[in-house]
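No lab work stands behind these numbers, since they all come straight from the coordinates. Note that the structure is a prediction, hence the values are computed from the model and not measured. No Cβ is skipped: glycine too gets one built from the backbone with ideal geometry, and neighbour counts run over all protein chains shown.
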């Protein structure tokens, strides 16, 4: 890559993709790839807007300090030509003569004002405006404007004034005075001057270009201080009004011309927004004037090569005061002689169109497809917030098609996407938490199941003997015997123990599963046969499936649903609503979801964690063994299904109640038992 292409670059580690550089680039020479801003060298006009606006210094320009240092060391004659905005940069050094002395201390043999070259250039413009011109002209003192026209408005290249910039004019003057072996270094606020000096048509005129930022660094490196140098004047030829050249419209003031809003013969514009609008309207034929005096920066007072980019009006005042002082003490006669001496100096130049415009062969259909990806379906959806760096959603969509922008640059789109990600992540976290809780519960129940199975096996045999002999004794004793009631109590309690042991065996999943095709409606009807629904409870049954058949163990599933319905009734002693719903699982067509929902007292969060533990019950002593839900859990798991509970017992959080959700596969992979 040549030096022109390397002029502006991105420090990727510092780039935080705020898209400010995209927004401020008049040439749209910044491509966003994988969230990183890259300079498109072929489109870049080296205006430095991206450098100025990047607070993180992720956009930088190439320094030439080492080259200048070597040039001074290896050359007999080196001249520093300084832009008139010098006094606007070094407002901390009020005496410009000391500033000139500091520059000489770097090793320069001559220190000259570019303002003199600016006066020669301004005179050429004056002659052009006074001539019988047949076409409007665009000023060419700003190299960024020249490159912008060549690359992005090539059809109006013929309107560029074929006059060199003040920098080139000054270099030609000094070469004619000191000889062609003179080495010249330009010092100014503009980094586009670096690319201008490298152009083939100006080869050998300006050897190196450094910015004011680089000049300050050179002062620091050599420890050159203002109070330690000898004050010095600029070398001749000295400038007159050319010192106001950096101010907007300064070129016109140099030769006593001004922007005339009535006749509209001269139009002055500056800054990214104004120059792009002027050139666009000029290209489309809406503007008519003799001259368009354009500057990429706000004058040359806020160039990217300046270290102080604030205090604009204070810097402008410094320029005006300096120009006035210089003009007041200028030897007018000598100055006029110098101007006359170089009035015939060849200051012509040429321009080459370098069309870098993107193809606009995108159909409205293609553009609309991109917009829809951004969530834009009609004009009302177009916010045109410019957060992406483009003036409108339409421009952003075209930039995406061109391959220089990404959908993530759209702030509303990215925020919506982020909200969706957060929502999905929240759902995933809840599912993960639920799965972890279920796994924890399964591990706990599996351990308890093994223990329960062992206990039930060991207790079952002696318990059977006790029950058998208790019944034999009860049959042999007379009912009116004083021992009959005691023996009857033993028999009842022994039978109760038998039920508990049976429950333990069921909980331990030692039961067999007899799979058959069962009709859901029949299953629900049989589950409610042994139940009495109180009159103060509203029962609603809703079956939402086209296929009412389910492969399961009918008796065991009757036990599941009758227990869940009975628990729901017990949870509503004062009445309420009971709903039983059957739905297809939308995510798994081979699964049915049974929901038993009540409006009862609800289950506390503490009890929710223990509800499937054996012998845990919230009912009064003697009214529950605490094996109902554990057995239900075991039966559902044996059917390769799942059971979940949702409950609220706090009225402050909303209506109380509990929902049991039992999901069962329509077709089980168990082998049917004979």
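Using the Cα coordinates of segment 205-249, the gyration tensor eigenvalues translate into equivalent-ellipsoid semi-axes of 24, 17, 13 Å, sorted from longest to shortest. Annotation: extensible slack from residue 382 through residue 395 equals 3.6 nm (criterion: 0.36 nm per residue apart, minus Cα-Cα distance).
Mean separation of Cα pairs under 8 Å and 6 or more residues apart, divided by the residue count, gives the chain a relative contact order of 11 percent.
The angle between the Cα long axis of helix 364-373 and the longest principal axis of the Cα atoms of the chain comes to about 50 degrees, rounded to the nearest 10. Model label sites at residue 369 and residue 18, defined 7 Å from Cα along the beta-carbon direction, differ in position by 3.6 nm. Here segment 1-139 is treated as a sphere whose radius is the Kirkwood value from Cα pairs; by Stokes-Einstein at 10 °C and 1.306 mPa s it diffuses with a coefficient of 85 µm²/s. Legend: calculated FRET efficiency, residue 135 to residue 420, from the Cβ-Cβ distance at R0 = 56 Å, rounded to 0.05, equals 0.50. Taking the number of Cβ atoms within 10 Å of each Cβ as an exposure proxy, the fewest-first ranking of 96, 148 is 96, 148. By the beta-carbon count within 10 Å of each Cβ, the least crowded to most crowded order of 407, 658, 435, fewest first, is 435, 407, 658. You can think of it this way: the chain between residue 478 and residue 320 has 43.8 nm of extra reach, that is 0.36 nm per residue less the Cα-Cα gap. Seen against the Cα atoms of the chain and their longest principal axis, helix 554-570 is set at about 80 degrees.
The separation of segment 46-106 from segment 300-341, counted between C-alpha centres, amounts to 16 Å. Over the C-alpha trace of segment 456-571, radius of gyration and Dmax come out as 20.0, 63 angstrom.
Relative to the longest principal axis of the Cα atoms of the chain, the long axis of helix 65-74 makes an angle of roughly 30 degrees.
Relative to the 2.2 N^0.38 Å rule of thumb, segment 63-341 has a C-alpha radius of gyration ratio of 0.98. In a fully extended conformation the segment linking residue 226 and residue 432 would gain 67.2 nm over its present Cα-Cα distance, using 0.36 nm per residue. Label separation (residue 56 vs residue 555): 7.1 nm, computed from points 7 Å beyond Cα along the C-beta direction. Values (i) 3, 12, 19, 22, 23, 15, 6, 1, 0; (ii) 3, 15, 24, 23, 17, 11, 5, 2, 0, 0; (iii) 3, 12, 16, 13, 8, 6, 6, 7, 9, 9, 6, 3, 2, 1, 0, 0 are given for comparison; P(r) over Cα pairs in 10 Å bins from 0, in percent, derived from the coordinates here, is the one labelled (iii). Note: relative contact order over segment 316-423, using C-alpha pairs below 8 Å and six or more positions apart, is 18 percent.
Here, segment 1-62 is characterised by an Rg to Rh ratio of 0.91, where Rg is the alpha-carbon radius of gyration and Rh the Kirkwood radius. Restricting the count to DSSP beta bridges whose residues both fall in the chain, what percent are antiparallel, rounded to a multiple of 5? Roughly 55 percent of the beta bridges in the chain run antiparallel, per DSSP.
For a paramagnetic label modelled on residue 408 (point 7 Å from Cα along Cα→Cβ), amide N atoms under 14 Å away belong, within segment 34-63, to 34-38.
Translational diffusion of segment 364-409 was estimated from the Stokes-Einstein equation, with Rh taken as the Kirkwood radius over Cα pairs; at 4 °C and 1.567 mPa s the coefficient is 126 µm²/s.
Size estimate for segment 511-674 follows the Kirkwood approach: the inverse of mean 1/r over distinct Cα pairs works out to 16.5 Å. When 545, 601, 170 are arranged by Cβ crowding within 10 Å, least crowded first, meaning fewest neighbours, the order is 545, 601, 170.
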